[in-house]
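The values are calculated or read from the model by the stated rules, or taken from the named source; none is laboratory data. Only a predicted model underlies this, so the values are computations on that prediction, with no experimental measurement involved. With ideal geometry, Cβ positions are generated from the backbone for all residues, glycine too; neighbour counts draw on all protein chains shown.
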């Protein structure tokens, strides 16, 4: 690949990684690594990556090009993108463009030609670091100083930057019977969550992140979905209060990733920052009751503190790598809450039956309500 110009990744520890510029620009963010071997388009367009510069551990990225059907939102959300080598000319019958061209059009800086293994080892040992990716500047001392002034991820509420601006409706898939009506709070939702619900007979009303609980309940929906999203959940005080009110309503509630963390906070728990997060499609999760292991797709930098969960709120699944909470249940309440991504995109589909489990909760409550009326 012919380089456009040199590019620098400058980290808060003062280290400098020089590579080849693939797409121009200067962006600051938290530098994290993703262990997925494919699915780079889904990674780029996942709103949960707002505020982050992503390093791919897979050395060759861009081989199969870009396809609009693989996008998880309408745009690229990462602050910067790094790989050992980007492919300039993709080979895939379904491709409608190349990764490099899309990065260049997006205004998101990207670089390759650096030792990504060494960089990932540093992030694994030191934890996620603040950094700046630039193709425009070479004043390293000034860049280091600016990086150290850049906000850490703890305390950053980013959902307002990625949520929808107004409510919208999504019907069930063509030829599928409508079984229920769900409200979806959009904290940075991925399209495949919506697809997974619509394909199973759920009509959806997607709402902005800070929609008051009273407005949600006024829609007379059959259940609530709390989506994934970026940033620290704890600063979202009004959202946590709304989630608490929605959970107290008795409506079946499904929390995914950030939505799971918000449910944990709404139940009275706490969250904490992980050292380097879980980003990739190979995270093993064990069900503590059945001992069944599921390989999951994950993308998060915060987790629910198991010691903070109140009585009646019990961790049901944990991560086999680090023991963090991957799911919890609330006694006597129709709540399904998971840290991982059952919709995958990218990653394994082992956890996709969770959508059916949630819709079973919705159907059971609806049946109980009808029986009570009779």
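Details
- Taking segment 75-103 as the range and being assigned to a loop (DSSP other than H, G, I, E, B) and surrounded by 24 or more Cβ atoms within 10 Å (Cβ to Cβ) as the test, the residues that pass are 77, 78, 83.
- Filtered by the rule that a residue be touching a strand residue (DSSP E or B) at 6+ places or on another chain (Cβ under 8 Å) and in a helix (DSSP H, G or I), segment 289-310 gives a lone residue, 306.
- Exclusive hit being outside any helix (DSSP H, G or I), surrounded by fewer than 24 Cβ atoms within 10 Å (Cβ to Cβ) and either in contact with a strand residue (DSSP E or B) (Cβ under 7 Å, 6 or more places away or on another chain) or free of Cβ contacts under 8 Å to residues at least 12 places away in the same chain (or both), set 286, 225: 286
- So residue 106, is it crowded, with 16+ Cβ neighbours inside 10 Å, more than 27 Å from residue 348 (Cβ to Cβ) and touching a helix residue (DSSP H, G or I) at 6+ places or on another chain (Cβ under 9 Å): yes
- Look at (1) in contact (Cβ under 8 Å) with a residue 40 or more places away in the chain; (2) on the phi > 0 side of the Ramachandran plot; (3) over 16 Å from the mean Cα position of the chain (by Cα) and you find that residue 359 fails only one, number (2).
- Residues in segment 250-258 include at least one that is at pLDDT 95 or above and surrounded by fewer than 22 Cβ atoms within 10 Å (Cβ to Cβ).
- Condition met for residue 16 (buried (at least 24 other Cβ atoms within 10 Å of the Cβ) and in contact (Cβ under 8 Å) with a residue 40 or more places away in the chain): no
- Among the conditions (1) closer than 11 Å to residue 11 by Cβ; (2) in a helix (DSSP H, G or I), the only one that residue 132 does not satisfy is (2).
- Across segment 89-99, a minimum of one residue is classified as closer than 30 Å to residue 284 by Cβ and touching a helix residue (DSSP H, G or I) at 6+ places or on another chain (Cβ under 8 Å).
- Scanning segment 187-210 for residues that are surrounded by 19 or more Cβ atoms within 10 Å (Cβ to Cβ) and in a loop (DSSP other than H, G, I, E, B) yields 187, 188, 189, 190, 209.
- Checklist (1) in contact with a helix residue (DSSP H, G or I) (Cβ under 9 Å, 6 or more places away or on another chain); (2) buried (at least 23 other Cβ atoms within 10 Å of the Cβ); (3) touching a residue at least 40 places away in the same chain (Cβ under 8 Å) applied to residue 39, failing item: (2)
- Flag: residue 88 matches the condition of being at pLDDT below 95, on the phi < 0 side of the Ramachandran plot and not assigned by TED's automatic domain parsing to the domain that holds residue 302.
- Residue match in segment 246-258 (condition: assigned by TED's automatic domain parsing to the domain that holds residue 166, within 24 Å of residue 73 (Cα to Cα) and assigned to a loop (DSSP other than H, G, I, E, B)): yes
- Looking at segment 1-73, the strands (runs of 3 or more DSSP E) lying wholly inside it that each contain 3 or more residues that are over 21 Å from the mean Cα position of the chain (by Cα) and over 19 Å from residue 230 (Cα atoms) sit at 6-11, 16-23.
- Of everything in segment 143-181 that is in contact with a helix residue (DSSP H, G or I) (Cβ under 6 Å, 6 or more places away or on another chain) and assigned to a loop (DSSP other than H, G, I, E, B), the residue that is nearest to residue 77 (Cα to Cα) is 162.
- Some residue of segment 345-353 being within 22 Å of the chain's Cα centre (by Cα) and outside any loop (DSSP other than H, G, I, E, B): yes
- Which listed residue is loosely packed, with under 15 Cβ neighbours inside 10 Å and assigned by TED's automatic domain parsing to the domain that holds residue 280, from 332, 347: 332
- Test: residue 184 is part of a helix (DSSP H, G or I), surrounded by 21 or more Cβ atoms within 10 Å (Cβ to Cβ) and without any contact (Cβ under 8 Å) to a residue 60 or more places away in the chain: no
- Filter pass, residue 255 being within 15 Å of the chain's Cα centre (by Cα) and either more than 19 Å from residue 226 (Cβ to Cβ) or free of Cβ contacts under 8 Å to residues at least 24 places away in the same chain (or both): no
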